[in-house]
Each structure stands twice: as structure tokens, then as C-alpha cells.
1. Could you give the nm distance between label points at residue 157 and residue 54, where each point is 7 Å from its Cα heading toward the beta carbon?
2. Under 17 Å between alpha carbons, and skipping anything fewer than 8 positions from residue 173 in its own chain: which aspartates and glutamates qualify?
3. Picking from 204, 83, 97, whose Cα lies most toward the positive end of the charge dipole for segment 72-226 (charges on Cβ: Lys, Arg +1; Asp, Glu -1)?
4. Can you sort 48, 136, 189 from fewest to most other Cβ atoms within 10 Å of each residue's own Cβ?
5. Just want the answer: with Cβ charges of +1 for Lys and Arg and -1 for Asp and Glu, which residue in 232, 243, 159 is farthest toward the dipole's positive end in segment 134-281?
6. Could you work out the relative contact order of the chain? I mean the mean sequence separation of Cα pairs under 8 Å and 6+ apart, divided by the number of residues, in percent.
7. Would you mind computing, in nm to one decimal, how far apart the modelled labels at residue 287 and residue 257 are, each placed 7 Å from Cα along Cα→Cβ?
8. Among all the aspartates and glutamates, which ones have a C-alpha under 15 Å from residue 302's C-alpha, if same-chain residues fewer than 8 places away are not counted?
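Taken together, the values in this text are just the output of simple stated rules run on the coordinates, not laboratory data. Remember, predicted model here, so these are calculated numbers, not experimental data. Cβ placement follows ideal geometry from the backbone for every residue including glycine, while neighbour counts extend to all protein chains displayed.
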Amino acid sequence: MATRENNEKRLLSRVATSVPDAQSAIDRSLPEFPAATPIDEDSYFRLHKPPAYLSQISTGVASFINENHGRRRKIVLVTSGGTTVPLENNTVRFIDNFSAGTRGATSAEYFLEQGYSVIFLHREFSLLPYSRHFSHTTNCLLDHLQFSQDGERVEVDGVLQKDLLSVLAQYQKVKANNMLLLVPFTTVHQYLFTLKLIAQELSVIGSDALFYLAAAVSDFFLPTSRIPEHKIQSQEHGGKLVVDLEPVPKFLRRLVDSWAPIAMIVSFKLETDNTILIKKARTALERYNHQLVIGNLLQTRKYEVVFVTPDNEHWIRLSKDAAEHKVEIESLIIPRIVAMHKTWIESRETM
Ligand code: 9Z3
């Protein structure tokens, strides 16, 4: 088992998504996309080249699913962090978004606590389960380390001792049981291809698979055929930078209809205007016909979310007291989803 885990790790550790693929510089053989027509999901995958490392990810993911499902564990794909849209092939500039991956990394921990195995599809260098507690902004580890009396060892100070003991115990248990697989992405293009691949691999476990799509996915992208190879020069086009983006294909439709038709799918809807949140979440649910949309506002996402299902809307809120005691809203979200997933699996069994 350890060898298999090492093998998965070795394969995935060679994948560096933030390094641009200079080989695939502008490909003029690709037809130009019509500006006004939305690019549908099929043509996106037909007209764009998959990332070169995808077969490595495929091997790692297949082995992880095989082992974990063999141990009768349910598997959740958690997506996390923001996708980028490169403006140049040798990427100097790109469009990004705010997400640090807090929702995804936190949720992954609560799924693991519930006995799920987790494939963590995350923006490279964004927050990770467990290590997130000691990032450079929260509890910078170096600030809590000190030399032992003999100066030969390093010790953790009293402030962090309790937290570190608890996080380390959970992390080591998860590692020893090979329950967490980290898969990186950087661009929206890499995200879409990797999501499709993992969904197809997960289809072998049917309703035991759960999708929890918390990544902040760009709504717009620049087709490969229009990305210049080199850094855009400031004197080009009269000194202006005019970016003409296409809408990202509605990949959720494909996920629900064909990549993972039997799995339970949870997506997030992010808005900043509270008057449209529920309406937008319900539209997404009706359009894609999946099981749950969790609506959240940028401003309050850490304290309240709304579960939108075909026949219900239900707010989950942290009380003031809970928020002050640093209770995480994901500790309320995940047990509810796990219960819904159980019902989903039972309903599929009786079909
Ligand atoms: C979310 O709404 C996540 O909860 C956040 C988490 C990105 C707000 P943080 O990383 O933030 O914890 O700071 N994710 C989904 C965002 C998204 O792109 N949704 C699409 C949409 O709104 C649908 S897939 O249309």
C-alpha cells in the first residue's frame, strides 16, 4: 500500500501546472472561434489540446480510486481555489480571482473526518487541508518555534502546541490510510480537462462518488487560437490592451448528463448582490438538474450559506457566539451533505 501511495505521489509531484506549456504556443491550425456564439462543451474539448501531464494524473487518480473504493470508502472530489485565464502563452499576465481556497481546504478536512476519501483538485499554491492552519498569514509556524535548551532541537511554543498536536494527529491518520490525493491546476483550461478526467474515472464507483465544486471558476476565457506566444508589448494596439474573452462552456451540464450521471453533485453559486443570490442559485439548479446548489455572498461567505434544492431553500448560519469561538461554517455544511449523500445512495439502490 505504501508503495502505491508513493507511486501516486511521485506521479503527481512531477506535475507543475503554474509552468506555462511553451510547446503549445499559438496553434493557427485551430479554427477561430465565432465571437458571438457560445462555445459548447463538446467543441471546447475537441478544439483544445489537453494538458501534456494529464496521463500522469489519470494513473494516480485511478490507483487512488481503486484502493479507496476497495476499502469501501466513499470518495468526494473537492474543487478549490481560483482558476486563471492566461493572456499570453509564455504567461506574464493572467486574469485571476480572489479565492484562496479556504472553503475547499476546510471542507476537505470535514469530509475526511466523516470517513470520506478526498480527491482535492486545487489551484496550485492555494490553501491545503491541514497545512492551512499554519500558513504564512494564519499562525506563521516560524513565529511559534523555539530552540530547545541544549540548542540541538526545535520545539513548538505553548500557543501552538495544542492546535498542532490535534492537526498533526488528523493529518498523519489521513496520510497513513492514503485518503487524500492532491491534484493541482492553475488555468481554467487545466481545470476543465482535469475535472472531466477525474469525473470519468470516478464514474466506476457510481453513486458512492460525490462532487463538491467549491473552486471559483472563471466565467470567461481566451481560446488557444487567440493567445499570443510572447508577452504583449505595451506599444501594440495604440498602447491599449483590449481583451476579448469568450464565455467558458457550461461544463456542469456535461458533468451531470454524461461524465458522472449517477454521482451526487453539489455546486456553489457566488454572488455579491444579496437580492439575486437565491434566484441565481435556483436557475443553476434547474438548468443543470443536479442535487444541490449552495449559494453564498462574497461578503458573508464565512458566516452564512443557503442550501437550494428542488423543493427547498434553507439558510445555514453561524451564531455570533459560534463565530467568536472560531467555529467554521463548513463544520455545519459537511454533515448535512453527508446525510443527503446517504439518502441519494439509498434512492439509487432502490431504482
Ligand atoms: C464558491 O462560491 C466558494 O464558496 C468561494 C470560497 C469561492 C466563495 P474562499 O476560497 O471562497 O473560501 O475564499 N465557489 C464557487 C464559485 C463559482 O465559480 N461558482 C460558479 C458560479 O457562481 C458555478 S461553478 O457561477
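1. 4.9
2. Of all the aspartates and glutamates, those that pass the test against residue 173 - Cα under 17 Å, at least 8 places apart if same chain - are 5, 67, 109, 113, 163.
3. Of the candidates, 204 comes out farthest on the positive side.
4. 136, 48, 189
5. Positive-most Cα among the choices belongs to 243.
6. Rounded, it is 20 percent for the chain.
7. Between residue 287 and residue 257, the simple spin-label model gives 1.4 nm.
8. 271, 321, 324, 328, 330
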